[in-house]
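For reference, the structure is listed below as structure tokens.
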Amino acid sequence: MGMTITQKILAAHAGLDKVEPGQLIMANVDLVLGNDITSPVAIREFKRMGAKRVFDKKKVVLVPDHFTPNKDIKSAEQCKVIREFARDMEIENYFEVGQMGIEHALIPEKGLVVPGDVVIGADSHTCTYGALGAFSTGVGSTDMAAAMATGQAWFKVPEAIKFVLKGRLNKWVSGKDVILHIIGMIGVDGALYQSMEFTGEGMASLSMDDRFTIANMAIEAGAKNGIFEVDDKTLEYVKEHSTKEYKIYKADEDAEYSKVFEIDLSSIPLTVAFPHLPSNTKTFDEIGDIPIDQVVIGSCTNGRLSDLRIAAQILKGHKVHPRVRTIVIPATQRIYLEAMREGLLEIFIEAGAVVSTPTCGPCLGGHMGILAKGERAVATTNRNFVGRMGHVDSEVYLASPAVAAASAITGKISSPEEVVG
Amino acid sequence: MIRGKAIKYGNNIDTDVIIPARYLNTADPKELAAHCMEDIDPEFKNKVQPGDIMVAGTNFGCGSSREHAPIAIKASGISCIIAETFARIFYRNAINIGLPIMECPEAARDIKDGDQVAVDLTTGEIANLTTGKTYKAAPFPPFMQELIKAGGLVEYVKERMGTQE
């Protein structure tokens, strides 16, 4: 029996010729990542392990992005712990506010991940880098601590579900709709403990940003990782962003998959996930009138330049609905700067939206847009669990930047066609 | 042998309800425990007794990677979690910090809130003392047993690394 892409990467990093699903292995990691929520716990455990230094100063990445710029005194103290640790350990990839961006947008942009890498991060959306043909997965703080100390992590080799993409997306339909559609189809535990492997001729029509969005939400189907086959677009992205050596792994022809889905991209409609699970998806023929109070366009899922461009395209010349607080958060400083140069920020501000410095803030109910009791938000983020963006009786509807921007204008969940045709 | 009363929840209990992000500006176990399960069960912190056993459906601990979730549950006094299935990051976090967990769909479905439950971690036997019914969870693979025996990943790494100079 052959191996999947993920199995091959894991085997290579464990020094094995072959691995089987279910096998427990110790693998070398190429990058270990943490943020301001998870790193303080990891640093505490790292010290408890008796570790004196990190295994490689170049391979540890610390990004204070969740409650930053520091939202309160306790958050400031947590960030201070990370800053001092980064200084003591001479960690090269520590990104202070001003350099900082949302980790999963920042790290590919900085060229820190390339195809064939094994990456673990103490953040569940670490699976984002699967878009680059890397094995990347979220872990906890103790795993992060152990990997910082030893350069290794333990894994159970996953089975995989294969998604064969064909066709092209229709107008306004994006990577966000693809992944929401898939999660709606297989459920929030539909890929539990497994890899989601994306391949097929339809892949070519998906931008790298679309692929990042799709891989990003693999965790929302319970997956260990989401991974795309490497193609010309991947390599173009890698050449533009990184000088690191990469390795392309292809699945064996006789690789075994627990399931295979054929996805016709042209059949995917605009999709919105209703509270309180990402799998609770609906399409516009079943949505009806749902008034909203807030729109958030940003996050590690949809805060990239192409997301802001789409939102600006829809908001241009319009005003946001007076009832709707519209918050736009470019995911990194570079995206922020580009958006400014392209005039996107002006469009947002003219429309009556606010533009924030990069932060995860509202996505996890941290700061910069918390919901009150009974309020509803349309967000381009990734989770709509109970209380996720604020009060336990508030609601989050997950959607693409196009739907979010259209909804900001109309004041209810709306398709872009209602606004711009 | 662990013994305690069951506190039961449903499917897809996510880490945001186990410990909401608004409390993640601290990593102190006691402070986290004070808000454990608050958004889904405000009474949890009053009813939980040391040794109690949490029982849940499928995909327990889905969502964020925050280790604060199993830390909060452990610091609340919960001695073991029995679920139909666990989300994978929660699963490894629980093993890594030494919070016993068991995947046993039948027991997770049958046990009712308030039942007295006994668990033998070494054999994987689960007994519902209220109904007299017994169950068997699949044993952990040897590597995980080693981790658990060492007392979690910190101790395991400590043993392997020796003292770094």
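Read the figures in this text as sums done on the coordinates, not as results from a lab. These numbers were taken from a predicted model, which means no experiment stands behind them. Note: ideal-geometry Cβ built from the backbone for every residue, glycine included; neighbour counts use all protein chains shown.
Structure summary
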item: Residue pairs, from the table B:8/B:47; A:166/A:259; A:80/B:158; A:244/B:158; A:47/A:224; A:58/A:224, whose Cα atoms sit over 20 Å apart; result: A:80/B:158; A:244/B:158; A:47/A:224; A:58/A:224
item: From the C-alpha gyration tensor of segment B:45-98, square roots of 5λ in Å; result: 18, 13, 9
item: Span per principal axis, largest first, for the Cα atoms of segment A:104-233 (Å); result: 47, 31, 21
item: Full-extension gain in nm, residue A:171 to residue A:57, via 0.36 nm per residue minus C-alpha separation; result: 36.6 nm
item: Binned Cα-Cα distances of segment B:1-107, short to long, each 5 Å bin given as a whole percent; result: 3, 14, 26, 29, 21, 6, 1, 0
item: Long pairs among A:110/A:233; A:171/A:233; A:171/A:247, criterion Cα-Cα beyond 24 Å; result: A:171/A:247
item: Which of A:155, A:198 has the fewest Cβ neighbours within 10 Å, and the rest in rising order; result: A:155, A:198
item: Cα centroid separation, segment A:361-421 to segment B:58-91 (Å); result: 27 Å
item: Percent RCO, i.e. relative contact order, over segment A:96-229, from Cα pairs under 8 Å lying at least 6 residues apart; result: 29 percent
item: For segment A:1-74, Kirkwood radius (reciprocal of mean inverse C-alpha pair distance, Å); result: 15.2 Å
item: Zone residues, segment B:42-64, relative to residue B:1, backbone N less than 17 Å from point 7 Å out along Cα-to-Cβ; result: B:51-53
item: Relative contact order [Cα under 8 Å, 6+ residues apart], chain A, whole percent; result: 17 percent
item: Estimated FRET transfer efficiency when R0 is 51 angstrom, pair residue A:243-residue A:48 (beta carbons, to 0.05); result: 0.90
item: Order of B:131, A:357, B:15 - criterion: other Cβ atoms within 10 Å of each residue's Cβ, fewest first; result: B:131, A:357, B:15
item: Zone residues, segment A:147-188, relative to residue A:1, backbone N less than 19 Å from point 7 Å out along Cα-to-Cβ; result: A:155-163
item: Rg/Rh for segment A:258-392, where both radii come from Cα atoms and Rh is the Kirkwood radius; result: 0.98
item: Surface/4 estimate of mean projected area, convex hull on alpha-carbon atoms of segment A:324-421, nm²; result: 6.0 nm²
item: Inter-chain Cβ neighbour average for residues A:378-388, partner chain, 10 Å; result: 4
item: Residue order, fewest to most surrounding Cβ atoms within 10 angstrom, among A:246, B:91; result: A:246, B:91
item: Equivalent ellipsoid semi-axes, the protein assembly as shown, via Cα gyration tensor eigenvalues times 5, rooted, Å; result: 35, 27, 24
item: Residue A:257 versus residue B:143: modelled label distance in nm, points set 7 Å from Cα along the beta carbon direction; result: 2.5 nm
item: Within the protein assembly as shown, helix-based [θ] at 222 nm, where runs of 4 or more DSSP H residues each add -39,500 (n - 2.57), nearest 500; result: -8500 deg cm²/dmol
item: Per-residue average of Cβ from other chains inside 10 Å of B:55-61; result: 2
item: Residues in segment A:394-421 that a label on residue A:284 would reach, taking backbone N under 16 Å of a point 7 Å out along Cα→Cβ; result: A:399-421
item: Average projection area in nm² (convex hull over Cα atoms of segment A:164-310, one quarter of hull surface); result: 10.0 nm²
item: Spacing of the two label points (7 Å from each Cα toward its C-beta) at residue A:83 and residue B:26, in nm; result: 2.2 nm
item: Segment A:42-175 - convex hull of the alpha-carbon atoms, volume per residue in Å³; result: 142 Å³
